[in-house]
1. Can you name the residue in region 98-141 that is part of a loop (DSSP other than H, G, I, E, B) and touching a residue at least 40 places away in the same chain (Cβ under 8 Å) and, of all such residues, is farthest from residue 42 (Cα to Cα)?
2. So is residue 17 farther than 25 Å from residue 105 by Cα and either touching a helix residue (DSSP H, G or I) at 6+ places or on another chain (Cβ under 6 Å) or not in a helix (DSSP H, G or I) (or both) or not?
3. Would you mind telling me which numbered condition in (1) surrounded by 19 or more Cβ atoms within 10 Å (Cβ to Cβ); (2) more than 10 Å from the chain's Cα centre (by Cα); (3) more than 16 Å from residue 105 (Cα to Cα) residue 84 fails?
4. Among the numbered criteria (1) surrounded by 14 or more Cβ atoms within 10 Å (Cβ to Cβ); (2) assigned to a loop (DSSP other than H, G, I, E, B), which single criterion is violated by residue 95?
5. Just to be sure, is residue 102 surrounded by 13 or more Cβ atoms within 10 Å (Cβ to Cβ) and farther than 18 Å from residue 12 by Cα?
6. Looking at (1) within 19 Å of residue 10 (Cβ to Cβ); (2) in contact with a helix residue (DSSP H, G or I) (Cβ under 7 Å, 6 or more places away or on another chain); (3) surrounded by fewer than 15 Cβ atoms within 10 Å (Cβ to Cβ), which one does residue 120 not meet, given that it meets all the others?
7. Report yes if residue 127 is within 16 Å of the chain's Cα centre (by Cα) and farther than 19 Å from residue 8 by Cβ, otherwise no.
8. Give the residues of region 31-43 that are surrounded by 16 or more Cβ atoms within 10 Å (Cβ to Cβ) and in a loop (DSSP other than H, G, I, E, B), sorted by residue number.
């Protein structure tokens, strides 16, 4: 299980790196001429999933989706919520012995974060944004 937590930690760091690479105005960008939400709303989903999956892992079952991020257009708020959700998740996971159901939820959280990485790659290409070095090294973008 420690290897899964390590991968999750790496994914969390990549997400933070990506947000550091954009401006506040970039949070409002969508994919032009395609049905899409904004980059900020993608990050809202990531934060909400982190918070909701942590509750599910702790309670050994899904407790519903909620997100503490109120303003998807504030880079400072997004970064604060990303940091808090990562810190809370890793603090619990680094000290827990998970059963099979909890491990399944942990894997779902990791899958969700990485799935959003793929979506955000499309947003960056579609809006001609520059990837941070960590993303270039990890995803060869």
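Throughout, read-outs are computed from the coordinates displayed, never taken from laboratory work. None of these values were measured; they are calculated from a predicted model. Here the Cβ is made from the backbone with ideal geometry for all residues, glycine too, and neighbour counts use every protein chain on show.
1. As a first pass, look at region 98-141 and keep what is part of a loop (DSSP other than H, G, I, E, B): 98-99, 127-132, 140-141.
Narrowing the set further to residues that are touching a residue at least 40 places away in the same chain (Cβ under 8 Å) leaves 98, 127, 129-132.
Values: 98: 28, 127: 15, 129: 16, 130: 17, 131: 16, 132: 18 Å.
Going through the qualifying residues, I end up with 98.
2. On the way: farther than 25 Å from residue 105 by Cα: no; either touching a helix residue (DSSP H, G or I) at 6+ places or on another chain (Cβ under 6 Å) or not in a helix (DSSP H, G or I) (or both): yes.
Taking the combined requirement at face value, the residue does not satisfy it.
3. (1)
4. Going through the list (1) surrounded by 14 or more Cβ atoms within 10 Å (Cβ to Cβ); (2) assigned to a loop (DSSP other than H, G, I, E, B), residue 95 breaks only (1).
5. Values: surrounded by 13 or more Cβ atoms within 10 Å (Cβ to Cβ): yes; farther than 18 Å from residue 12 by Cα: yes.
Against the criterion (surrounded by 13 or more Cβ atoms within 10 Å (Cβ to Cβ) and farther than 18 Å from residue 12 by Cα), residue 102 qualifies.
6. The single condition residue 120 does not satisfy is (3).
7. On the way: within 16 Å of the chain's Cα centre (by Cα): no; farther than 19 Å from residue 8 by Cβ: yes.
No: the conditions fail for residue 127.
8. Of everything in region 31-43, those that are surrounded by 16 or more Cβ atoms within 10 Å (Cβ to Cβ) and in a loop (DSSP other than H, G, I, E, B) turn out to be 31, 36, 38.
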